[in-house]
Structure formats: C-alpha cells, structure tokens
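Quick notes on the structure that follows.
Coordinate-derived values only; no laboratory data. Treat the numbers as computed from the prediction; the structure is a model and nothing was measured. Neighbour counts run over all protein chains shown; Cβ positions are idealised from the backbone, glycine included.
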Amino acid sequence: MRKLTAILSVLAILLVGCQSKPPSLDIRLDSFTITPSEFSLKAGSTVMLYIHNAGLIEHDFNIMKLGVNVASITNHEDREGILWAVSLEPGEEKDVELNVPSEPGMYQVVCAMPGHLQAGMTGTLTVLP
C-alpha cells in the first residue's frame, strides 16, 4: 500500500509539472515603435505577453476595441475606446496574460502617451477565428 501511495504521489507531482503553458509573444516598445507591429492570435485564446520598454521614456501598450479609430484617442487617459492596456516605465519589463478577444477582426494597437500615436507608434492585432 505504501508503495502505491508513493507512486501516486510522484505521478501527481509529474502531472502538475507537465501542465501546458499558454503561447507567448515578445513585444518591444522603443523610439516610437512597437515590435512586432503586426501579429495574429486565435480568438478566445490566452497568451502570455512579455513586454519590454527599451526606450528612455514611458510607453503604454493599448489594444483598442474592435472598430475604434485611434484618431479618437486624445491622450493616454482617454480609456473609453481601449479594450486592454499596460503601462511601462523606461527599461521596465512586464509579463502579462492576455485573454484574446473572442470576436475575430483587426484591432488597432497603440501607445497613447502624448505625441506617441502621432509619431506612428501603432500596430495591428489580427484576431483569427
């Protein structure tokens, strides 16, 4: 009986260690660029984003709601059109979990810090069915 209990305990530990991790994506924010500027993710999936602000100033990474025109964003505190956001100080790195929207389509990605959107710090997330 002790042998069976020991075997079951080892199997339980191995199963916990084998749980699959969500897919990941590295994002770099720097000098008014988002890299990659275009990426595709599966609708309704969970993805780990590893975001690094390689710049010398604060940046944020915003995924806009489907159909929102980024020209309507006037400053980084204008949150009505933003679906998901994270801010990073210079040199900061964050590992964050993103629950990808369930509705397929093209979502605009922007840094909404003053002047950054106008400098072209944008991208596109394509949510695939």
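What FRET efficiency do you get for ASP95 and GLN118 if R0 is 22 Å and r is their Cβ-Cβ distance, rounded to the nearest 0.05?
0.15
How much length is gained if the chain between SER24 and SER102 is pulled fully straight, taking 0.36 nm per residue apart and subtracting their Cα-Cα distance, in nm to one decimal?
26.3 nm
Give me the net charge for the shell around SER24: Cβ to Cβ below 11 angstrom, other residues only, Lys and Arg +1, Asp and Glu -1. Provide the component values of the computation, followed by the final result.
Numbers: positive: LYS21; negative: ASP26, ASP95, GLU97.
Taking every other residue near SER24 into account, the sum is -2.
Among 92-99, 113-120, how do they line up from the highest to the lowest mean number of other beta-carbon atoms within 10 Å?
113-120, 92-99
Based on the alpha-carbon gyration tensor of the range 22-128 and its eigenvalue square roots a ≥ b ≥ c, which shape applies: rounded if a/c is under 1.5, prolate if not and a/b is larger than b/c, or oblate?
It comes out oblate by the Cα gyration axes.
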